[in-house]
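What follows is a short report on a single structure.
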Amino acid sequence: MMNKYYKKILNIIEPLKHPAMAIGFAFIIGGIAMLSVGENPIEVYLIMFKGAFSSQFYLSATLAKATPIILTGLGASVAWRANCFAIGGEGQMIFGALTAAVIAIYFPGPFWIRMVVSMIGGVAVGGGMSLLSAYLFEKLQMSLSITTLMMNY
């Protein structure tokens with residue numbers, strides 16, 4: 001009986017092993033960098049934590065800035081799972097967001113129509129950038145990683 005629950009817990013924890021190791025390694029490397037300039041890493045990490053999560057305002061600001069990056073990373077993980085190693089999601093996100101914002105500001109009509117049209121426009125521009133890199137990959141055999149990365153700039 002206990003063995004069955006142990007296996008369920010291991011099935012949950014196993015996918016988290018590598019991200020936890022990466023986060024731990026990042027904390028160690030960051031701590032070494034802080035020590036090299038004469039700062040106490042524990043104090044710096046506590047200040048960073050307090051600045052990101054100490055109040056509802058700071059928590060909402062942190063989440064507002066992190067959400068687009070998290071969603072872009074999730075989109076990239078889906079592409080990577082399909083063996084499509086495009087690394088230009090940030091540029092697609094920025095151009096799509098810029099397009100959506102411009103449409104939302106300047107498109108005439110009621111609010112709900114502007115919002116729908118701006119979302120469609122943002123998706124179309126972000127997807128169009130992806131479509132352009134896919135075209136370059138399929139027709140001209142250009143490196144997908146390089147073309148998508150260069151579109152970020």
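Find the residue count for the range 40-74, including only residues that are under 25 Å from residue 124 (Cα atoms), surrounded by 12 or more Cβ atoms within 10 Å (Cβ to Cβ) and of a type in the set (Ser, Thr, Tyr).
Selection size over the range 40-74: 1.
Being open to solvent by 70 Å² or more (accessible area, probe 1.4 Å) and part of a loop (DSSP other than H, G, I, E, B) is the filter here; which residues of the range 30-39 pass it? Outline the logic, then answer.
Initial filter on the range 30-39 (open to solvent by 70 Å² or more (accessible area, probe 1.4 Å)): 32, 35-37, 39.
Once the filter is applied, which keeps residues that are open to solvent by 70 Å² or more (accessible area, probe 1.4 Å) and part of a loop (DSSP other than H, G, I, E, B), the range 30-39 yields 37, 39.
Quick one: would you say residue 17 is surrounded by 11 or more Cβ atoms within 10 Å (Cβ to Cβ), charged (D, E, K, R), in a helix (DSSP H, G or I) and free of Cβ contacts under 8 Å to residues at least 60 places away in the same chain? Outline the logic, then answer.
Details: surrounded by 11 or more Cβ atoms within 10 Å (Cβ to Cβ): no; charged (D, E, K, R): yes; in a helix (DSSP H, G or I): yes; free of Cβ contacts under 8 Å to residues at least 60 places away in the same chain: yes.
No, not satisfied.
Search the range 75-97 for residues being open to solvent by 100 Å² or more (accessible area, probe 1.4 Å) and either assigned to a helix (DSSP H, G or I) or β-branched (Val, Ile, Thr) (or both), and hand back the single one that is farthest from residue 127 (Cα to Cα). Spell out how you get there, then give the answer.
Quick first cut of the range 75-97, residues open to solvent by 100 Å² or more (accessible area, probe 1.4 Å) only: 78, 80-81, 83, 85, 94.
In the following step, the residues that additionally are either assigned to a helix (DSSP H, G or I) or β-branched (Val, Ile, Thr) (or both) were identified as 78, 80-81, 94.
Numbers: 78: 15, 80: 16, 81: 18, 94: 12 Å.
Looking at residues that are open to solvent by 100 Å² or more (accessible area, probe 1.4 Å) and either assigned to a helix (DSSP H, G or I) or β-branched (Val, Ile, Thr) (or both), I get 81.
The values are calculated or read from the model by the stated rules, or taken from the named source; none is laboratory data. Because the structure is a prediction, the values reported are computed rather than measured. Reconstructed Cβ throughout: ideal geometry from the backbone, glycine too, with neighbour counts over all protein chains shown. Areas reflect the complete protein model, heavy atoms only, side chains present, ligands, DNA and RNA absent. Shrake-Rupley method; radii C 1.70, N 1.55, O 1.52, S 1.80 Å.
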